[in-house]
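> Let me begin by handing over the structure; questions about it come next.
The numbers here are math on the coordinates, done by the rules we state, and not lab data. In this text, all values refer to a predicted model and were calculated from it rather than measured experimentally. Quick reminder, even Gly has a Cβ in these numbers, built from the backbone with ideal geometry, and neighbours come from all protein chains shown.
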Amino acid sequence: MIRAAKDYLTFLWRCGRIAFVGDWRYYAWMGGLTVFCLLGLHAYCIQFVHGLIVTGMSDEVSWGVYIANFTFLVGVAAAAVMMVIPVYIYDNEELHDLVIFGELLAVAAIIMCLAFVTVDLGRPDRFWHLIPGIGQLNFPRSMLSWDVIVLNGYLLLNVHICGYLLYSRYQNRKPSKWFYIPFVFIAIFWAVSIHTVTAFLYVGLGGRPFWNSSIVGPRFLASAFSAGPAIIILALQVIRRVTQYHITNKALLTLRSIVQVSMIINVFLLINEIFKEFYSGNLHVASSRYLFLGLDGFHALVPWIWTAIAFNLISMFLLILPLSRSLKWLDLACVLCIVGIWIEKGMGLVIPGFIPTPLGALIEYTPSMNETLVCLGIWAFGLLCYTIFLRMSVPILQGTLSKSNEHLPEPDSGAEPVAAPAPH
Amino acid sequence: MSQPLQPPTGIPDETDRLMGRRNFLRSSAAFAGLGALAASLSPLRDLQDYTSVDEFVQKYYKEMTPDDMSKVIKRIEDQVQRQYGIRPHVRDLKPMDGVEFVYCLNLTRCIGCRKCVHACVAENNQSRNPEIQYIRVLKLPHGSMDVDKADHLYNPPAVPEKGYFYMPVQCQQCHNPPCVKVCPVHATWQEKDGITVIDYDWCIGCRYCEAACPYWARRFNFTKPDIPKERLNPNMAYLGNRPRKQGVMEKCHFCVQRTRVGRYPACLEVCPVGARKFGNILDPESEVSYILREKRIFIQLKEEMGTNPRFFYYFEK
């Protein structure tokens, strides 16, 4: 027992140590991210002291880019499942060894999600009121309480699966199926639930016709399952450039077909939504009108949403054409898809729900500088986490970091392959 | 120490030199990092009165014993005295038996003078900078109840203006309140007398209730409330008008500090045209019972939401 604990601590210690070791590119990347993290932390301290008045939010538009980014990232986290399903249900060989990179991305994305909701709280010091047992979690009535449970549960599931598989590989042991396969299958359903619950957060509000629509949930999943695997494609492209880790073209093309199908469904649902809103011409379309066309001279979001739609359409055509079997074009399609969906699922979904207010006032929203810095800080922190996860897992998967070489002297600098994540 | 120490050679060998340089670089990087971290945290130096240990561990309203509550009330009174130099009278007023409050507002009479808005701010110790108001008066063109046509910022030399009517909107004290349903920590709930209240010391400031309310009745303290000392109303209730903290929600609570001891809400008392009527719907003799029984037309705002407000609008010369 003590020996097992000691072994595990050695494993953690060596993983932690390797996170601080790399070549100059690694140090430059990590140093840059750390600078952004600290800028974000500084901005958050200002917000903590003075309140959310330092953001662009108001009583009229009471959620902003924090919740927008949160919504997008829940989708990214949920998308890990799109690698898990082919591997564990259809026994896809190409993706088998890569699935862990998707699960690690999910862990990093959930960490960012939790950070984004925390910075959005007016009283972060009272977070413990949410903890069942000592607090007063309003479960099952409040959808937000569901979200607290599913997000933390998903984080634990993925940490367990990744941690267990990596530790088994480190010890050069075959992982016991009972110890992770059931969790993998739970995680598949759980991934769908995190994004559905997040959609229901909006759908459940009868006073906001823009959100109170049954298509929001399916659209959330379709957009997540295109943007998420697109991010994984870019991450894998970076991994295979900066490390010796072998990733086949075929694996990337399998992911391409996932992005392709999801994007087609996403665009189809968008057409459904636009038709329903505008053709019937009833009075509840003020928010959609504001988003797509502008309302009474207010049109801050119009250029954004059309950019998003253009990006989604170009990306969809690229993905349909055989052109994107060439990886350069695939990269481009992925970037357009990610940016398009980030705009559409973030600002394009959250902000118009508040404009006009339920009493018909038109107040626009622009994120403040301080708010933007907090967001950049959280993104930088998420990338930092993902980079560290990859820095630990790539050598373990390659066998260069394992129990058998525990007593050999530690490599001290850039001799080892280095991982850096994709620019999201 | 079984091995004898090497005699010093005087010349540092190559490995020592490299190791030394590496250690130097490492410690400078660590120092620079700590310095940058301290600089990032520096805005926290301006933090005052954010919370105290007692406040941090304070129990949920419904779980407090009378003893807990008297301690909390004393703490609040001390805090107010420290901050404003006035000893307030804070009470934990419970709903009365056999009472359910209802509000009726006569749209034919309302002239849109906004006196109710300002009386409410004065009574309920709202922040003056930025000013928080619980009542929003909508100016609507004749013949329309579509709030998208409303003017919120009307400012003519005199009211009422021809061709318009005025509709004050505040918390509708719904039977089926969406704000209560969505709150993740039970910080807001409906009491026996129909008033939806907030425990300002339990709210985490997620603003989900603000997004859920179809009447835009909830307000958030985006920063520390600022009330001039001479304007503070010292007659306070725990679930009512005691000063709020930064980062929590607030809203109209039918002036619990008045109505639970048999007085009228401040907005009603100030109304110059008698457009506002308030009372106990369980009492058949009350004015509100009479209105809801006898008037041919009265409406609930956004009835189709299924919120079933306790706030009724009616029309009567």
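> Within 11 Å, Cβ to Cβ, of B:Gly85, how many net charges do the neighbouring residues add up to if Lys/Arg are +1 and Asp/Glu are -1?
Details: positive: B:Arg82, B:Arg87, B:Lys229; negative: B:Glu230.
Counting the neighbours of B:Gly85, the net charge comes to +2.
> Would you please put A:112-123, A:247-258, A:97-108, B:44-55 in order of how densely packed they are, using the mean number of other Cβ atoms within 10 angstrom per residue and starting with the highest? Kindly include the intermediate steps, with their values, before the conclusion.
Details: A:112-123: 21.6, A:247-258: 18.0, A:97-108: 24.4, B:44-55: 11.6.
Answer by packing, highest mean first, reads A:97-108, A:112-123, A:247-258, B:44-55.
> Roughly speaking, what is the stretch gain from B:Thr108 to B:Arg296, that is 0.36 nm per residue apart minus the C-alpha to C-alpha distance, in nm to one decimal?
Details: separation 188, 0.36 × 188 = 67.68 nm, distance 1.40 nm.
Taking B:Thr108 through B:Arg296 to full extension adds about 66.3 nm, to one decimal.
> Now for a different question. Where the only charges are on Cβ atoms (+1 Lys, Arg; -1 Asp, Glu), what is the dipole of the protein assembly as shown about its Cα centre, to the nearest 20 debye? Show your work: numbers first, answer last.
On the way: 70 positive and 60 negative charges, 57 e Å.
Around 280 debye, computed over the protein assembly as shown.
> What distance in nm separates the simple spin-label points at B:Lys74 and A:Arg325, each placed 7 Å from Cα in the Cβ direction?
Computed distance between label sites B:Lys74 and A:Arg325 equals 8.1 nm.
> How long is segment A:184-342 along each principal axis, judged by its Cα atoms, biggest number first, in Å?
58, 36, 24
> Between segment B:251-267 and segment A:101-120, what's the alpha-carbon centroid distance in Å?
Centre-to-centre distance over Cα atoms comes out at 45 Å.
> FRET efficiency for A:Phe275 and B:Asp148, Cβ-Cβ distance as r, R0 = 35 Å, nearest 0.05?
Once the sixth-power term is evaluated, E becomes 0.95.
> Can you pull the semi-axes for segment A:1-145, root of five times each eigenvalue of the Cα gyration tensor, sorted largest first, whole Å?
32, 23, 20
> Evaluate the relative contact order of chain A (contact order divided by residue number), counting alpha-carbon pairs under 8 angstrom at least 6 apart; express in whole percent.
After rounding, I find 30 percent.
> Quick one: if you stick a label point 7 Å off each Cα along the C-beta vector at B:Glu63 and A:Ser214, how many nm between them?
That separation, rounded to one decimal, is 3.9 nm.
> Let me ask something additional. Label-point separation (nm) for A:Leu253 and B:Gln48, each offset 7 Å from Cα along Cα-to-Cβ?
6.9
> A further question follows. Pairs of alpha-carbon atoms within less than 8 angstrom and 6+ residues apart define the contacts here; what relative contact order does chain B have, in percent?
24
> Return the percentage of antiparallel bridges among DSSP beta bridges fully within the protein assembly as shown, rounded to the nearest 5 %.
Values: 22 of 29 bridges.
So the antiparallel bridges amount to about 75 percent of the total.
> Calculate, in whole percent, how much of the Cα-Cα pair population of segment B:39-94 lies beyond 15 Å.
Tail of the P(r) past 15 Å holds 59 percent of the pairs.
> Let me ask something additional. Pop the C-beta distance of B:Leu25 and A:Ser404 into the FRET formula with R0 = 30 Å and round what comes out to the nearest 0.05.
Values: r = 31 Å, r/R0 = 1.04.
The value I calculate is 0.45.
> How big, in percent, is the set of alpha carbon pairs in segment A:108-158 lying more than 14 Å apart?
57
> Shifting gears a bit: Can you work out the Karplus-derived ³J(HN,Hα) for every residue in segment A:349-361? Use 6.51 cos²θ - 1.76 cosθ + 1.60 with θ = phi - 60°, whole Hz, and x for glycine or proline.
Running phi through 6.51 cos²θ - 1.76 cosθ + 1.60 with θ = phi - 60° gives 9, 6, 5, x, x, 9, 10, x, 5, x, 9, x, 7 Hz.
> Hey, another quick one. Considering every pair of different Cα atoms, what Kirkwood radius, in Å, is found for segment A:352-410? List each step's numbers first, then the result.
Details: mean 1/r = 0.0629 Å⁻¹.
About 15.9 Å for segment A:352-410.
> Pull up all non-local amide H partners of B:Arg128: gap of 5 or more, or a different chain, and H-to-H distance under 5 Å with H placed in the peptide plane.
Residues meeting the criterion, in which the H sits 1.01 Å from N, are B:Asp226, B:Ile227.
> Which whole-percent values make up P(r) of segment B:216-295 when all C-alpha to C-alpha distances are grouped in 10 Å steps starting at zero?
It works out to 15, 37, 32, 13, 3, in whole percents.
> Let me ask something else. Tell me, what is the FRET efficiency for A:Thr366 and A:Leu9 to the nearest 0.05, using R0 = 45 angstrom and their Cβ-Cβ distance as r? Numbers along the way, then the final one.
Numbers: r = 49 Å, r/R0 = 1.09.
After rounding to 0.05, the efficiency reads 0.40.
> Roughly how many Å is it from the Cα centre of segment A:145-209 to that of segment B:47-124, as a whole number?
Between the Cα centres of segment A:145-209 and segment B:47-124 lies a distance of 42 Å.
> Given the C-alpha centroids of segment A:1-67 and segment B:126-144, what is the distance between them in whole angstrom?
One Cα centre to the other: 42 Å.
> Another question, if that's okay. Volume per residue, Å³, of the convex hull around the alpha-carbon atoms of segment A:23-405?
Hull volume over Cα atoms, normalised by residue count, gives 153 Å³.
> Compute the angle between helix A:2-18 and the longest alpha-carbon principal axis of chain A, please, reported from 0 to 90 degrees and rounded to the nearest 10.
Between the helix axis and the principal axis of chain A, the angle is about 70 degrees.
> Quick one: divide the alpha-carbon radius of gyration of segment A:264-323 by 2.2 N^0.38 Å and tell me what you get.
Taking the Cα Rg and dividing by 2.2 N^0.38 Å, one obtains 1.31.
> Mind checking the alpha-carbon convex hull of segment B:101-314 and giving the volume per residue in Å³? Working shown, then result.
Values: hull volume 27.7 nm³, N = 214.
In segment B:101-314, the Cα convex hull volume per residue is 129 Å³.
> Let me ask you something else. Please identify, among A:His195, A:His50, A:His42, the residue showing maximal mean-square fluctuation in a Gaussian network model of chain A using a 10 angstrom Cα cutoff.
A:His50
> Then there is this: Return the Rg/Rh ratio of the protein assembly as shown with Cα-based radii and a Kirkwood Rh. Provide the component values of the computation, followed by the final result.
On the way: Rg = 29.8 Å, Rh = 28.8 Å.
Checking Rg against Rh, the ratio lands at 1.03.
> If you don't mind, there's one more thing I want to ask. Could you work out the helix-only [θ] at 222 nm for the protein assembly as shown, with each DSSP H run of four or more residues adding -39,500 (n - 2.57) and the total divided by the number of residues, to the nearest 500 deg cm²/dmol? Numbers along the way, then the final one.
Numbers: 23 runs with 367 residues, N = 741.
About -16500 deg cm²/dmol.
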